[in-house]
Amino acid sequence: FGHTGCIMFNLVAPLEMALFDGVHPLLGEQIGPHTGDPRGFERFDDFFDAYVTQLRALVGQAVEANNLLGRAHQRLRPSPLLSAVFQGPMESGRDVIDGGAKYNSTGAAMVALSDVVDSLVAIESLVFEHKLIDFGQLIAALRTDFGGREALLAELMGKQPKFGQDHPAPQSMAARVQEQVYELWHEHQNDRGGPYVPGYWSMSNHVAFGILSGPLPSGRRRGKS
């Protein structure tokens with residue numbers, strides 16, 4: 001009873017909120033906590049910590065909403081037929097939706113890992129390591145969807161290392177992000193008393209979430225998959 005695709009989670013959303021001090025740019029509202037204006041950050045780790053803070057806040061909201069739905073399901077829709085085909089309910093005397101199954105995890109599908117990794121690598125390289133641009137210039141470019149900043153866009157798209165290439169920077173960053181994602185989900189239990197388990201796959205979610213996402217430091221344009 002793993003509910004493997006129970007939550008579809010856009011990893012880009014907390015990145016955008018870290019760029020704009022907790023404001024989601026599409027909504028124009030303060031969705032996450034204040035983590036500071038990145039134009040004042042002195043180290044890349046300051047920005048990475050801001051991303052983790054926004055990620056923690058959204059994971060908490062997703063868990064709260066999902067657990068409320070789960071408790072409503074328990075009250076309104078017991079599933080005796082479903083329970084009959086799982087290991088555990090007969091032995092425990094509990095319905096699957098009450099935690100009777102042997103396996104009781106809830107899966108959360110992490111969408112757009114590559115966009116986050118590519119964006120973080122670009123920020124670390126261009127803003128902090130090589131200082132080719134500052135955070136103010138980057139945010140200004142994002143606000144205009146790179147309009148009039150074709151040279152910067154070409155640098156981001158053509159010269160910065162990308163997720164999936166045999167390059168240590170995105171590989172290391174992907175491991176760092178995944179470690180944080182795993183730890184944050186494992187801080188929570190689902191409504192059946194089981195763990196939350198993050199997974200990485202996409203069906204058409206990259207298209208839907210792309211429509212709901214603005215331009216990114218990776219060079220990805222507004223609304224693109």
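The values are calculated or read from the model by the stated rules, or taken from the named source; none is laboratory data. Since we're looking at a predicted model, the values are computed, not measured. All Cβ positions, glycine included, derive from the backbone under ideal geometry; neighbour counts span all protein chains shown. Protein only, heavy atoms only, side chains kept; ligands, DNA and RNA dropped before computing areas. Shrake-Rupley method; radii C 1.70, N 1.55, O 1.52, S 1.80 Å.
Assorted remarks:
- Set Val63, Val59, Val12: member being open to solvent by less than 70 Å² (accessible area, probe 1.4 Å), in contact with a helix residue (DSSP H, G or I) (Cβ under 9 Å, 6 or more places away or on another chain), of a type in the set (Val, Ile, Thr) and within 26 Å of Arg221 (Cβ to Cβ): Val12
- Residue ID - least open to solvent (accessible area, probe 1.4 Å), chosen from residues in segment 172-200 that are part of a helix (DSSP H, G or I) and among the aromatic types (Phe, Trp, Tyr): Trp185
- The condition (being more than 16 Å from the chain's Cα centre (by Cα) and in contact (Cβ under 8 Å) with a residue 60 or more places away in the chain) is satisfied by just one residue among Gly147, Gly214, Gly193: Gly193.
- Test set (1) within 17 Å of Met110 (Cα to Cα); (2) of a type in the set (A, V, I, L, M, F, W, C); (3) assigned to a helix (DSSP H, G or I); (4) open to solvent by 40 Å² or more (accessible area, probe 1.4 Å) - Met203 fails condition number: (3)
- Within segment 27-56, if we keep just the residues that are assigned to a helix (DSSP H, G or I) and of a type in the set (Lys, Arg), the residue that is surrounded by the fewest Cβ atoms within 10 Å (Cβ to Cβ) turns out to be Arg39.
- Close contacts from segment 71-87, counting a first residue that is closer than 17 Å to Gly193 by Cα and a second that is loosely packed, with under 11 Cβ neighbours inside 10 Å, with Cβ to Cβ under 7 Å and a gap of 6+ residues or different chains, come to none at all.
- Condition check for Leu156: touching a Ser or Thr at 6+ places or on another chain (Cβ under 9 Å) and either in contact (Cβ under 8 Å) with a residue 12 or more places away in the chain or open to solvent by 80 Å² or more (accessible area, probe 1.4 Å) (or both): yes
- Flag if Phe1 is within 30 Å of Lys102 (Cβ to Cβ) and either assigned to a loop (DSSP other than H, G, I, E, B) or open to solvent by less than 40 Å² (accessible area, probe 1.4 Å) (or both): yes
- Residue ID - modelled with the highest pLDDT, chosen from residues in segment 108-118 that are open to solvent by less than 10 Å² (accessible area, probe 1.4 Å) and more than 17 Å from Pro168 (Cβ to Cβ): Val116
- None of Val23, Val52 is under 14 Å from Leu184 (Cβ atoms) and modelled with pLDDT of 95 or more except Val52.
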